[in-house]
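Rule-based calculations on the coordinates, nothing more; no lab input. Keep in mind that what you see is a predicted model, and the values were worked out from it rather than measured. Cβ coordinates were reconstructed from backbone atoms using ideal geometry, including for glycine residues, and neighbour counts include every protein chain displayed.
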């Protein structure tokens, strides 16, 4: 099978995330991703994956491939994306995270509602667990758990002072098993912007960097994206692309 160039946005929230807008339902997310010319997206809600399966179902028959994901938060306050081929694997990671979250209820009047919906966006129930919290697990343990669930670990928006690996810790933990990191760059940034970021954070000089939208609103989907050359749209192919193996590759800034 020939390689194809895929446009991807691997960091999109749904109404399950307390900070996302109510418009972020599966059906509308897929429609907006198609309009934005995306080939592949990942749904990554805060510390949960209950809407990932609905988004995968909503994408059936569309041109968009949906990967299941979670945006985990470590005890240090660092965000790490876990990306999976199947919702079942993301839910496996969710079980671990929930076992390490504080036993506190959500405060929707402060953080926002956390809604579980079906593929069409119909309300099923509220998730009453406090998802806007840190799990009692280190960055290294989260990466390990993602790997054990057959996922791809990607530290999120690493250069942000809030919740970014380099912004919070100021370093890349030695031996951290990640194939790439997500960087935050404003829409319209070019290769020189990434080069300047690498000057600011020397740890990025040897790391593959992707861009994603971290979309909490429909209009944000695809505003930041990356391109990969892959044979199929899967976690295994992304791993090959980030490692530059078997002809697969990542175009860092597009």
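Mind running the shape call on the stretch 72-130? Use the C-alpha gyration tensor, a ≥ b ≥ c as the square roots of the eigenvalues: rounded below 1.5 for a/c, prolate if a/b tops b/c, oblate otherwise. Cα axes put the stretch 72-130 in the oblate bin. If you look at the Cα atoms of the stretch 185-252, you get an Rg and a Dmax of 13.4, 36 Å.
Report the rotationally averaged projected area of the stretch 143-191 based on its alpha-carbon convex hull, in square nanometres.
Mean shadow area of the hull around the Cα atoms is 4.3 nm².
Counting beta carbons within 10 Å around each of 41, 83 and listing the fewest first gives the order 83, 41. Ranked by how many other Cβ atoms sit within 10 Å of their own Cβ, fewest first, the residues 200, 57 fall in the order 200, 57.
With a simple spin-label model that places each label point 7 Å from the Cα along the Cα-to-Cβ direction, the separation between residue 150 and residue 95 comes to 1.4 nm. With the largest listed first and rounded to whole Å, the semi-axes of the equivalent ellipsoid of the stretch 2-155 from the Cα gyration tensor are 24, 19, 12.
On full extension, the segment bounded by residue 177 and residue 189 gains 1.6 nm, given 0.36 nm per residue less the C-alpha separation. Computed over the chain, relative contact order equals 23 percent, with contacts defined as Cα pairs under 8 Å that lie 6+ residues apart. Potential lengthening of the chain between residue 5 and residue 162 amounts to 53.3 nm, from the contour at 0.36 nm per residue minus the alpha-carbon distance.
With the contact rule set at Cα under 8 Å and sequence spacing of 6 or more, what percent relative contact order holds for the stretch 3-92? Kindly include the intermediate steps, with their values, before the conclusion.
Details: 179 pairs, mean separation 23.4, N = 90.
Contact order relative to length: 26 percent.
Ranking 201, 96, 123 by Cβ neighbours within 10 Å, fewest first, what do you get?
123, 96, 201
Using every pair of distinct Cα positions in the stretch 100-254, the Kirkwood expression returns a hydrodynamic radius of 17.7 angstrom.
With both residues required to sit in the stretch 1-120, DSSP beta bridges show an antiparallel share near 40%.
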